[in-house]
Amino acid sequence: MSEQAPQREITNMTPYLSAAIEDEVPGPPLSSSSGSIGDKIYGAITFLASLTIFVIIIWIASSLGWQSLPVFKQFGFSYITGSVWDDGQKQFGILPYIFGTLYSSFIALLIAVPISLGTAIFLSEMAPPWIRTPVTFLVELLAAIPSVVYGLWGIFVLLPFLRQYVMEPIGASPLGKFPLFSGFTAGPSMLAAGVILAIMILPFITAVSRDILRAIPRAQREASYGLGSTKWEAISQVVLPFARSGIIGAVILGLGRAFGETMAVTMVIGNQSPQTPSGVSFSLFEPGYTMSSALANKFTEASAGLNTAALVGIGFILFFVAIIVNILARTLVYYTARDVQGGK
């Protein structure tokens, strides 16, 4: 038998095989008017759902702005730059509260960023599988703990520890003469607020940084190893520069979380403006206020009228600061993820 016989038989069967394949493979569904109407209804519902979020944000911003308008009309820019808050004399200045928010958040970032970044590098680059999962679970568990629990822990554990092992020894040493370590050593202070904020924002910075590092293509690391780099050189010279913008976005996202924290900070910061003419002190041991803790402490005692408008004004400023910080953070994370995936 010649070798062309099987080929001739296969060629003769080709039309039948093609017909069978066409019978088995379904074609595209025929469009119907009912399906088109359903798609339009579904699209309209999802559009309204997304529009609702935008409407809620505009509603909150406009409501806060309208209710705080009297205090801005009466005090103008001095409402932000003033340092005196006297309900009886109708004098309202929120500079100490703004400073306390920024200062406590800065302390929190100084503590949390190195720990978070080190944890993210370990989980994404160095941790063996048997330890990666439990450590990741513990990090995420920190984000699930209610803030009031952090506050109770701060009162009964953190404040006595700081007072006995940090404040009193430093206050009795020559360092106590420096402005950074002057003042009370009772416990409630900017240092305590910064430490508890650092613990609370640590899981957010760690989780986002870890995801950014894991999104970097393995080819980048392998190329570095192929050139003779060690693991640390590949991480420091290839991985971290590649993920720089995303890590900065994670830090800013944690900063936004620190700005809005209320209960835990209120329980450990002391809620007392520093005894200085400007109401501002850089001492870590001095008590203070943040915008959130001021709202929590003063709102129940505020009378209707200008007092309430002044407190709503704090919320109005804090709302826009949080919005701007979160937009900036998510923008940086988005562009980093797009660059990592090769987008343009």
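Tabulated results
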{"quantity": "Ala112 being in contact (Cβ under 8 Å) with a residue 40 or more places away in the chain and closer than 30 Å to Trp85 by Cα", "calculated": "no"}
{"quantity": "Selection count where residues are in contact with a Leu (Cβ under 9 Å, 6 or more places away or on another chain), buried (at least 16 other Cβ atoms within 10 Å of the Cβ) and either β-branched (Val, Ile, Thr) or modelled with pLDDT under 85 (or both), scope the range 291-316", "calculated": "4"}
{"quantity": "Among the residues listed as Ser116, Ser124, the single one being under 24 Å from Leu284 (Cβ atoms) and touching a Ser or Thr at 6+ places or on another chain (Cβ under 9 Å)", "calculated": "Ser116"}
{"quantity": "Complete set of residues in the range 154-168 that are in contact (Cβ under 8 Å) with a residue 12 or more places away in the chain and within 27 Å of the chain's Cα centre (by Cα)", "calculated": "Gly154, Ile155, Leu158, Leu159, Leu162"}
{"quantity": "Filtered residues of the range 171-193 (kept if in contact (Cβ under 8 Å) with a residue 12 or more places away in the chain, more than 30 Å from Leu123 (Cα to Cα) and outside any loop (DSSP other than H, G, I, E, B))", "calculated": "Gly171, Pro179, Leu180, Phe181, Met190"}
{"quantity": "Helices (runs of 4 or more DSSP H) (entirely within the range 237-323) containing at least 3 residues that are over 21 Å from Pro203 (Cα atoms)", "calculated": "291-298"}
{"quantity": "First in the range 320-332 and within 24 Å of Ser63 (Cβ to Cβ), second anywhere and part of a helix (DSSP H, G or I) and among the hydroxyl-bearing types (Ser, Thr, Tyr), Cβ under 9 Å, 6 or more apart", "calculated": "Val321/Thr101"}
{"quantity": "Ser104 vs. criteria polar (S, T, N, Q) and in contact with a strand residue (DSSP E or B) (Cβ under 8 Å, 6 or more places away or on another chain)", "calculated": "yes"}
{"quantity": "Subset tally (residues that are in a loop (DSSP other than H, G, I, E, B) and more than 20 Å from Thr136 (Cβ to Cβ)) for the range 214-236", "calculated": "5"}
{"quantity": "Selected residue [touching a helix residue (DSSP H, G or I) at 6+ places or on another chain (Cβ under 7 Å) and either under 30 Å from Glu140 (Cβ atoms) or at pLDDT 85 or above (or both)] from Thr81, Thr46, Thr52", "calculated": "Thr81"}
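Conditions (1) at positive phi; (2) touching a His at 6+ places or on another chain (Cβ under 7 Å); (3) surrounded by fewer than 18 Cβ atoms within 10 Å (Cβ to Cβ), marked per residue:
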{"position": "Pro217", "(1), (2), (3)": "no, no, yes"}
{"position": "Ser224", "(1), (2), (3)": "no, no, no"}
{"position": "Gln237", "(1), (2), (3)": "no, no, yes"}
{"position": "Gly246", "(1), (2), (3)": "no, no, no"}
{"position": "Leu255", "(1), (2), (3)": "no, no, no"}
{"position": "Glu261", "(1), (2), (3)": "no, no, no"}
{"position": "Thr266", "(1), (2), (3)": "no, no, no"}
{"position": "Asn271", "(1), (2), (3)": "yes, no, no"}
{"position": "Thr276", "(1), (2), (3)": "no, no, yes"}
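The values are calculated or read from the model by the stated rules, or taken from the named source; none is laboratory data. The model shown is predicted, which means the values in this text are computed figures rather than measured ones. Note: ideal-geometry Cβ built from the backbone for every residue, glycine included; neighbour counts use all protein chains shown.
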